[in-house]
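The values are calculated or read from the model by the stated rules, or taken from the named source; none is laboratory data. A quick note: this is a predicted structure, and the numbers were derived from the prediction, not measured. No Cβ is skipped: glycine too gets one built from the backbone with ideal geometry, and neighbour counts run over all protein chains shown. Quick note on the areas: whole protein, heavy atoms, side chains included, nothing else; ligands and nucleic acids left out. Shrake-Rupley method; radii C 1.70, N 1.55, O 1.52, S 1.80 Å.
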Amino acid sequence: GDSVTQMEGPVTLSEEAFLTINCTYTATGYPSLFWYVQYPGEGLQLLLKATKADDKGSNKGFEATYRKETTSFHLEKGSVQVSDSAVYFCARGGAQKLVFGQGTRLTINP
Amino acid sequence: GAVVSQHPSWVICKSGTSVKIECRSLDFQATTMFWYRQFPKQSLMLMATSNEGSKATYEQGVEKDKFLINHASLTLSTLTVTSAHPEDSSFYICSASKTSGPGDEQFFGPGTRLTVL
C-alpha cells in the first residue's frame, strides 16, 4: 500500500544551522506531497506542498522539491530558528486520503 | 480563514461509557471531514472519511460499530467512541477539506485527548 518514510528523530540543532529532514514515498500513481508542522499544543498546519514532479514548495524559509526519480520530498531550511521547534510530518495525497510519515521532532537550541 | 475546532480538547471517562467528540469548520463549509488517531510519538492514522449526509467510509481494521461517525452538516462532524476501554485512549484529530480533489489541503483541528480509566 501507499506509504511515507521519514527520517528518524528527534533532531536537535543549533540556531542558524542548516536543516534537512528526509522523506520518501511509495510511487503508486502521481500523488501530491505535503509537509505539515505541529507546534506544541496545536493542530497540524500545512507548511508547503507540491502537486507534480519537479515542483518546489516553499514557505517560511522552508523548501521541498518533488523528486519523481528518487521518490523523495526532502524538507530543507537554510537557517533554522528556535521558533521552528516542532514536529514535522511528510504526507502523500491521492484519491483524497493523506498518508503520513511517522513525524520528526525538531528542537532548535539558541 | 479555514479554522477547524474540536470539542472537548481533553476528556477522561470510565471504561464502558461512550464519549462524543465534535469537529467544526468555523469559517468554511467542509465537503469532506476526516478522523485520525495518533498514538504517542507516532504518526496519524486515518480512521474514516465522511461526507456530509452520507455514511462514513472506514479504513481497514477500524471498527465502525465502536467509532460512530456522523456528518450531519457541512460544518459539523462527530465521532462517538462507544463502550470505551483503556486501549481506546489516544489523541483523536479531525480535519476538513473544502473540496474533494486529490491534492486538496486538509485543515486540522487541535485534537482531543481521550483517557479511558
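Just a few scattered comments:
- If the Kirkwood radius is taken over C-alpha pairs of the stretch B:1-56, then at 4 °C and 1.567 mPa s the Stokes-Einstein diffusion coefficient equals 97 µm²/s.
- With contacts taken as Cα pairs under 8 Å at a separation of at least 6 residues, the stretch A:67-108 carries a relative contact order of 39 percent.
- Coupling constants for the stretch A:10-18 follow from the phi torsions by the Karplus curve (6.51 cos²θ - 1.76 cosθ + 1.60, θ = phi - 60°), and in residue order they are x, 10, 10, 10, 8, 4, 6, 6, 8 Hz; glycine and proline get x.
- Computed about the Cα centre, the dipole magnitude for chain A is approximately 340 debye when only Lys and Arg (+1) and Asp and Glu (-1) carry charge, each at its Cβ.
- Residue-normalised accessible area of chain A, given per residue in Å² at a 1.4 Å probe: 47
- For the stretch B:9-61, the solvent-accessible area with a 1.4 angstrom probe is 57 square angstrom per residue.
- Approximate shape of chain B as ellipsoid semi-axes (Cα gyration tensor, √5λ), whole Å, largest first: 23, 14, 13
- Amide H contacts for residue A:74 (H built 1.01 Å from N in the peptide plane; partners 5 or more residues away or on another chain; cut-off under 5 Å): A:23, A:65.
- Once both labels are positioned 7 Å from their Cα atoms along Cα-to-Cβ, the gap between residue B:2 and residue B:17 label points is 3.7 nm.
- Taking every alpha-carbon pair under 8 Å whose residues sit at least 6 apart, chain A reaches a relative contact order of 37 percent.
- Estimated FRET transfer efficiency when R0 is 25 angstrom, pair residue A:13-residue B:39 (beta carbons, to 0.05): 0.45
- Computed E for residue A:76/residue B:59 - FRET, C-beta separation, R0 35 angstrom, nearest 0.05: 0.65
- Sequence-distant residues sharing a close amide H with residue B:89 (under 5 Å, placed H): B:116
- For chain A, the extents of the C-alpha atoms along the principal axes are 42, 27, 21 Å, listed from largest to smallest.
- Residue-wise HN-Hα couplings along the stretch A:68-85, as the Karplus relation 6.51 cos²θ - 1.76 cosθ + 1.60 with θ = phi - 60° gives them from phi, are 6, 5, 10, 6, 10, 8, 6, 8, 9, 8, x, 8, 7, 10, 4, 5, 7, 4 Hz; Gly and Pro carry x.
- Under 5 Å, built H, 5+ apart or other chain: amide partners of residue A:15: A:109
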